[in-house]
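Worksheet: one structure, shown below.
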Amino acid sequence: MPPLLRIKNLVKTFEDNKVLNGIDIDVKKGETLGLFGSSGSGKTTVGRCIAGLERSDSGSIFFKGKDLQAMSRREKKKVRPQIQMIFQHPEISLNPRMKAFDSLVEPLKIHGWDDKCSLENKVEELINLVGLRREHLARYPAHLSGGEIQRVVLARILSINPEFIVADEPTSMLDVSVQAQVLRIMEKIQQEKGVSYLLISHDIDVLRKVCHRIVFLKNGRISGVENA
Amino acid sequence: MSYLNVSSLCVDFLTENGSVKAVNDISFEMKKGETFGIIGESGSGKSVIGQAILRLLPSNAVVNGSISFGAEDLLSLDNKNMRQIRGREISLIPQNPAGSLNPLLKNKIQVAEVFEVMGVNKKEGIKSVLGMLKNLLMKEPARILENHPHELSGGMKQRFLAAMCLSYKPSLLIADEPTKGLDSFSKKGTLDLFRHMKGEHGNSILVITHDLDFALEICDRVAVMYAGQIVEVGPVTDILQIPSHPYTKALLNALPRNGLIPLHGHTPSRIDLPDGCLFYTRCNLRSDKCGTERPATKSIKGGVVRCHLY
Amino acid sequence: MTGKIFRRKDMTISILLLALLVVVAISYPLLALSDPNAIDLTNKNLAPSAEHPLGTDYLGRDILNRLAAGTTTSLSIAAGVSAISLFVGVLIGCISGYYGGIIDETLSRIIDIFLSFPGIVFALAIMGFLGGGVINLILALSVVHWAKYARLMRGQVLSIKENEYVLSAKIIGAGDFHIMRKHLIPNSVATVIILATIDIGHVLLSIAALNFLGIGLPADIPEWGAMLSAGKEFMRTSPYQTIFPGMAITMVVIIFSIIGEGLRDIFDPNDTGGEYL
Ligand SMILES: Nc1ncnc2c1ncn2[C@@H]1O[C@H](COP(=O)(O)OP(=O)(O)OP(=O)(O)O)[C@@H](O)[C@H]1O
Ligand SMILES: Nc1ncnc2c1ncn2[C@@H]1O[C@H](COP(=O)(O)OP(=O)(O)O)[C@@H](O)[C@H]1O
Ligand code: SF4
Ligand SMILES: [Mg+2]
Ligand SMILES: [Mg+2]
């Protein structure tokens with residue numbers, strides 16, 4: 001079976017800084033692949049390329065066998081939402097002028113959910129999934145703690161049932177007990193829905209605990225692969 | 001004499017849904033030269049304590065209790081004197097480095113602006129920040145100053161901000177999550193720098209962190225917080241090796257190397273606090289008394305704990 | 001929010017005064033008291049008296065009456081100019097900042113061209129082309145003002161468009177229009193609105209300046225700037241016909257700059273209760 005996501009010979013340069021210098025990564029369906037590297041090694045850049053926020057200089061990213069960077073607009077519109085991303089700085093991952101509720105509703109509405117009553121139930125289900133309560137829904141991001149925001153971000157992304165999630169240090173802000181909670185929730189969702197993760201982290205203990213495989217990024221290249 | 005003394009501090013936030021008890025009757029003291037840690041779950045109120053000390057809370061906050069710093073009572077100081085203390089005497093490295101930098105300005109200009117406000121020569125300011133950046137083990141500090149904030153990765157932003165705060169040589173440094181987002185290599189750099197500040201300058205440091213390993217390395221004593229209350233205070237080695245409070249025990253079990261075991265259940269609502277122990281619903285060692293009577297703090301060897309078991 | 005507004009005394013007073021002006025502006029034409037254009041050459045250039053509390057002008061028209069009538073014209077022109085130039089400025093600035101690339105380069109060049117003309121001369125030229133009258137005046141001043149807002153808006157959008165909530169919205173599949181409407185504009189428009197508020201006073205000054213230069217409104221339209229400039233020839237002998245409209249304009253300039261400054265504090269997302277690091 002072909003991998004869900006295949007990165008081939010990815011190269012990315014910022015001005016004269018060659019951040020990625022020919023990277024190959026495969027992620028299978030239902031797999032959690034860890035991406036380890038020191039700060040500035042280009043982990044986030046890999047994630048941004050996958051999520052379509054950055055165009056590589058050369059190389060390709062195949063999702064279900066199709067090159068993401070060579071798709072027509074129409075195709076992109078259909079395929080893109082299946083790949084979601086959680087960011088390194090969740091504190092600016094939510095619009096400061098939208099309440100948690102509206103941030104959760106936004107993706108649902110964009111994807112054509114218009115029944116108001118079931119919408120509220122859906123939001124409540126999502127917020128419970130990540131261990132938050134109704135009272136958090138009425139708050140603006142400024143009135144949520146860092147960890148609470150991160151969980152809203154996760155709930156928001158889960159609302160459109162993505163098949164692949166790039167998680168860029170999703171727990172580096174969280175205290176250990178909530179980190180454990182979030183990682184276990186991500187695991188549970190994987191088991192239920194078969195999503196794949198690219199889990200970016202610089203905490204090797206975390207990666208060893210939750211990933212099926214870990215790739216090591218160094219000087220713009222993959223320097224090693226470890227099977228858990 | 002204690003240097004920073006926080007006693008019976010309560011911070012409530014008034015919101016549409018009621019008042020959120022973010023910090024609920026907290027007392028601790030720091031001696032001069034001490035490195036004191038506050039650890040605890042996300043949302044437990046750690047950052048709020050730091051902001052309360054510097055009086056940087058949003059306007060919907062209601063603060064009660066007292067905070068004294070040397071001879072000054074910080075909560076009753078007028079704004080002018082408070083501004084004198086902020087930055088010069090007490091400096092805060094905020095939790096959110098991304099939000100603290102103006103995205104439109106080159107890093108160098110941000111540094112210059114800050115020093116201008118502080119009344120320090122810009123060139124000297126930039127020089128001392130460069131020195132600090134080297135201290136923090138940043139590669140190419142000069143290039144960092146020429147960049148815009150968005151060109152730095154998360155860890156770099158954090159260290160840049162830390163260097164800026166440390167370069168005014170405050171006597172009390174409040175560091176909110178100084179290792180957040182750093183890889184192990186940079187974490188070591190931060191650790192070295194904090195040790196340097198402690199040893200060389202006799203700085204007192206209040207470290208707010210959820211990084212238990214970092215706390216163990218750098219702190220002399222730590223307070224463990226849960227749902228706005230301190231549940232345990234004591235020497236760091238005691239707390240992180242032979243914890244007393246059931247919450248601290250659970251926290252240690254959540255470390256990846258101890259099994260990544262999450263706590264079951266939820267933290268209690270901070271609007272309607274339960275009558276009994278705040279940890280009651282999640283505690284494996286609870287008894288009936290815990291559900292009805294809020295435990296008070298008790299002194300035990302070397303520290304205090306808030307639990308009916310003691 | 002309302003609490004924050006009324007905590008500031010200067011802001012409260014300004015808002016009350018503005019409310020009063022708006023009431024006058026709306027009710028005056030409805031009440032249709034005496035004609036503000038009623039000429040009475042036997043009573044021209046009078047000083048304030050019981051019959052004419054603020055005196056009369058060079059055609060013997062009651063100054064108080066004309067000032068009150070002028071509130072309607074002056075405020076409508078100012079509001080019209082602000083609304084049009086804000087709308088155009090915010091839209092163009094947002095598009096320019098968000099899309100970047102060639103679109104941004106083209107729009108920025110256009111903005112620069114508009115900014116490089118001295119405002120009054122530019123407005124004068126447009127009025128010369130379009131002719132006088134209220135509508136043309138509004139159009140001319142809008143053409144002069146929008147570019148300033150566009151440039152500010154573009155800068156604001158540039159500073160937030162890489163924020164992760166904007167990226168997240170993109171990845172979730174939101175269209176460009178949605179992103180601009182829900183994320184970029186709400187998080188960046190505050191500064192532009194503040195500038196526009198402070199500018200309302202300046203719009204009134206520009207009208208006065210245009211009238212001074214002889215292009216602007218016909219003499220029979222009661223408008224503060226027009227009154228001010230029409231009275232300039234009688235400054236020595238009968239100063240009241242310039243002093244009172246001048247005071248009215250100054251008052252509005254001050255009111256809007258206080259409200260603008262107040263809004264700046266209120267919109268500040270890093271609300272620290274008025275204390276800063
Ligand atoms: N302005 C506010 N209005 C209402 N509630 C607030 C406000 N600021 C913080 N809170 C609440 O106060 C509690 C403590 O927040 P705080 O930011 O101190 O958490 P923390 O311990 O630093 O957590 P983290 O590790 O996630 O940063 C949280 O429950 C949060 O939702
Ligand atoms: N937009 C950009 N412009 C210029 N340099 C960038 C940009 N984004 C990232 N970089 C640089 O690329 C390198 C890798 O960054 P990043 O992928 O964020 O690292 P990390 O592994 O910490 O996630 C860093 O040196 C960073 O400064
Ligand atoms: S007081 Fe009771 S419920 Fe609370 S921590 Fe102690 S044993 Fe557990
Ligand atoms: Mg990164
Ligand atoms: Mg915090």
Residue that is assigned to a loop (DSSP other than H, G, I, E, B), among the hydrophobic types (A, V, I, L, M, F, W, C) and touching a residue at least 60 places away in the same chain (Cβ under 8 Å), where the choices are C:L86, C:L59, C:L67, C:L54: C:L54
Criterion (free of Cβ contacts under 8 Å to residues at least 60 places away in the same chain, surrounded by fewer than 18 Cβ atoms within 10 Å (Cβ to Cβ), farther than 30 Å from A:L174 by Cα and in contact with a Gly (Cβ under 9 Å, 6 or more places away or on another chain)) met by exactly one of A:V79, A:V11: A:V11
Residues located in the stretch C:120-147, provided they are buried (at least 19 other Cβ atoms within 10 Å of the Cβ) and not hydrophobic (A, V, I, L, M, F, W, C): C:S142, C:H145
Sole residue being in contact (Cβ under 8 Å) with a residue 24 or more places away in the chain and either away from chain A (no Cβ under 13 Å) or in contact with a Leu (Cβ under 6 Å, 6 or more places away or on another chain) (or both), chosen from B:A61, B:A52, B:A71: B:A52
Tally of residues being of a type outside the set (D, E), surrounded by fewer than 19 Cβ atoms within 10 Å (Cβ to Cβ), in a helix (DSSP H, G or I) and at the interface with chain C (Cβ under 10 Å from one of its Cβ atoms) across the stretch A:100-124: 2
Which listed residue, of A:R97, A:R80, is within 21 Å of B:N17 (Cβ to Cβ), among the charged types (D, E, K, R) and within 10 Å of another protein chain (Cβ to nearest Cβ): A:R97
Failed item in (1) assigned to a loop (DSSP other than H, G, I, E, B); (2) closer than 21 Å to A:Q190 by Cβ, with A:L94 passing the rest: (2)
Tally, over the stretch A:127-178, of residues that are within 7 Å of chain B (Cβ to nearest Cβ) and under 20 Å from the mean Cα position of the chain (by Cα): 11
Qualifying residue in the stretch A:193-203 (condition: surrounded by fewer than 23 Cβ atoms within 10 Å (Cβ to Cβ), touching a strand residue (DSSP E or B) at 6+ places or on another chain (Cβ under 9 Å), within 13 Å of another protein chain (Cβ to nearest Cβ) and part of a helix (DSSP H, G or I)): no
Every residue from the stretch A:183-192 that is of a type outside the set (K, R) and either under 23 Å from B:L240 (Cα atoms) or facing chain B (nearest Cβ under 7 Å) (or both): A:L183
Residue within the stretch B:79-89 that is away from chain A (no Cβ under 12 Å), on the phi < 0 side of the Ramachandran plot and of a type in the set (D, E) present: yes
Failed item in (1) away from ligand 2 (no atom under 16 Å from the Cβ); (2) among the aliphatic types (A, V, I, L, M); (3) surrounded by fewer than 22 Cβ atoms within 10 Å (Cβ to Cβ), with B:L206 passing the rest: (3)
The stretch C:39-95: number of residues that are at pLDDT 90 or above and more than 21 Å from C:P29 (Cβ to Cβ): 12
Candidates A:G52, A:G40, filtered to the one that is within 14 Å of another protein chain (Cβ to nearest Cβ), away from ligand 4 (no atom under 16 Å from the Cβ) and assigned to a loop (DSSP other than H, G, I, E, B): A:G52
Of all residues making up the stretch B:72-107, the number that are at pLDDT 80 or above and assigned to a helix (DSSP H, G or I): 11
Checklist (1) at pLDDT below 80; (2) over 25 Å from B:K31 (Cβ atoms) applied to B:L166, failing item: (2)
Filter result for A:L144 (modelled with pLDDT under 90, more than 16 Å from ligand 5 (Cβ to nearest atom) and farther than 23 Å from B:N253 by Cα): no
Single residue of the stretch B:228-257 satisfying the filter (touching a Lys or Arg at 6+ places or on another chain (Cβ under 7 Å) and farther than 20 Å from B:G302 by Cα) that is nearest to ligand 5 (Cβ to nearest atom): B:G228
B:T190 vs. criteria β-branched (V, I, T), within 16 Å of ligand 2 (Cβ to nearest atom) and away from chain A (no Cβ under 11 Å): yes
Single condition B:S128 does not satisfy, out of (1) more than 14 Å from chain A (Cβ to nearest Cβ); (2) in contact with a helix residue (DSSP H, G or I) (Cβ under 8 Å, 6 or more places away or on another chain): (2)
Residues located in the stretch B:215-254, provided they are of a type in the set (K, R) and out of contact with any helix residue (DSSP H, G or I) (no Cβ under 7 Å at 6 or more places or on another chain): B:K249
Helices (runs of 4 or more DSSP H) within the stretch C:173-277 that include 2 or more residues within 14 Å of another protein chain (Cβ to nearest Cβ), more than 30 Å from A:K76 (Cβ to Cβ) and of a type in the set (D, E): none
Residue check, B:G291 more than 24 Å from the chain's Cα centre (by Cα) and in a helix (DSSP H, G or I): yes
Verdict on C:S168 being away from chain A (no Cβ under 14 Å) and of a type in the set (S, T, N, Q): no
B:Y310, sole failed condition from (1) at pLDDT 90 or above; (2) surrounded by fewer than 23 Cβ atoms within 10 Å (Cβ to Cβ); (3) among the hydroxyl-bearing types (S, T, Y): (1)
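Yes/no per residue for (1) closer than 18 Å to B:I38 by Cβ; (2) touching a Ser or Thr at 6+ places or on another chain (Cβ under 9 Å); (3) crowded, with 22+ Cβ neighbours inside 10 Å:
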| position | (1), (2), (3) |
| --- | --- |
| B:Q241 | no, no, no |
| B:L251 | yes, yes, yes |
| B:D272 | no, no, no |
| B:L278 | yes, yes, yes |
| B:G303 | yes, yes, no |
Members of the stretch B:261-283 found to be near ligand 3 (Cβ under 9 Å from one of its atoms) and either away from every other protein chain (no Cβ under 14 Å) or among the hydroxyl-bearing types (S, T, Y) (or both), listed by number: B:G276, B:C277, B:L278, B:Y280, B:T281
Given (1) hydroxyl-bearing (S, T, Y); (2) under 25 Å from the mean Cα position of the chain (by Cα); (3) near ligand 3 (Cβ under 8 Å from one of its atoms), number of the condition B:T297 does not satisfy: (3)
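The values are calculated or read from the model by the stated rules, or taken from the named source; none is laboratory data. Bear in mind that the values here come from a model prediction, so they are computed numbers and not experimental data. Cβ atoms come from the backbone with ideal geometry, glycine included; neighbour counts cover every protein chain shown.
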